[in-house]
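Before any comments, here is the structure.
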Amino acid sequence: MRPRRRGLTFFELTVVMMIMAVLAAVAVSHFARSLQARNARHAAIQLADYVDYIRNTAINEGRSTSLSIDPAGDRFWSTDVDFPDQVGVPISVLVKDRFDDRLEITASFDSATTLTFNLEGTPTVGGTPLVNGVISIDTREVAYEIRIGAGPGRASIVEVEPETPAEASQTQSSGS
């Protein structure tokens with residue numbers, strides 16, 4: 001009788017390695033999407049906190065403050081409010097550099113990109129009370145909206161469906 005062999009054949013080892021490679025590829029893809037979603041959510045939370053901070057500065061200091069969004073440069077800033085922990089350094093956040101280079105930021109404050117809070121914390125655009133204020137942070141996978149209410153109050157964050165490239169081009173062409 002022939003002694004029984006122990007161990008794996010080359011074929012069995014190759015099959016096991018291929019299965020592990022497929023599982024690893026799926027896991028890496030899922031991990032990348034999860035990381036991207038986490039970065040987008042973190043950016044939305046941070047920017048909503050800055051919106052509230054800029055509004056509270058207007059109320060606490062009894063003066064108007066403003067914030068602006070530059071979608072082309074993916075930038076959020078306020079020239080008249082400093083970072084909470086850096087006196088003398090106005091708030092300026094480059095979204096792609098600070099959070100994730102796949103993030104896009106857009107804003108619509110009644111079709112404008114600059115919003116002013118009066119000394120009572122009420123948002124206005126060009127001296128007119130704000131009707132609809134939204135800052136969008138999105139990727140192709142996930143999107144968040146920071147909604148700014150018409151009266152004094154906190155900014156809220158809502159997860160929304162990201163725009164598809166076809167919807168984005170349709171929105172741009174209809175707006176032109």
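Where a number appears in this text, it was derived from the coordinates with a stated rule and is not lab data. The structure presented is a predicted model; accordingly, all values stated were derived computationally and were not measured. So basically every Cβ, Gly included, is an ideal-geometry build from the backbone, and we count neighbours across all protein chains shown.
Could you tell me whether any residue of segment 42-58 is basic (Lys, Arg), over 23 Å from Asp138 (Cα atoms) and in contact with a strand residue (DSSP E or B) (Cβ under 8 Å, 6 or more places away or on another chain)? Yes - at least one qualifying residue is present in segment 42-58.
Could you go through segment 50-58 and let me know if any residue there is of a type outside the set (S, T, N, Q), surrounded by 13 or more Cβ atoms within 10 Å (Cβ to Cβ), more than 17 Å from Ile146 (Cα to Cα) and over 21 Å from the mean Cα position of the chain (by Cα).
Yes: segment 50-58 contains one or more residues that are of a type outside the set (S, T, N, Q), surrounded by 13 or more Cβ atoms within 10 Å (Cβ to Cβ), more than 17 Å from Ile146 (Cα to Cα) and over 21 Å from the mean Cα position of the chain (by Cα).
Just one of the listed residues (Phe109, Phe76, Phe117) is in contact (Cβ under 8 Å) with a residue 60 or more places away in the chain and crowded, with 21+ Cβ neighbours inside 10 Å, and it is Phe117.
Table: residues versus (1) surrounded by fewer than 16 Cβ atoms within 10 Å (Cβ to Cβ); (2) closer than 28 Å to Val95 by Cβ.
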{"residue": "Val16", "(1), (2)": "yes, no"}
{"residue": "Ala43", "(1), (2)": "no, yes"}
{"residue": "Arg63", "(1), (2)": "yes, yes"}
{"residue": "Ala72", "(1), (2)": "yes, yes"}
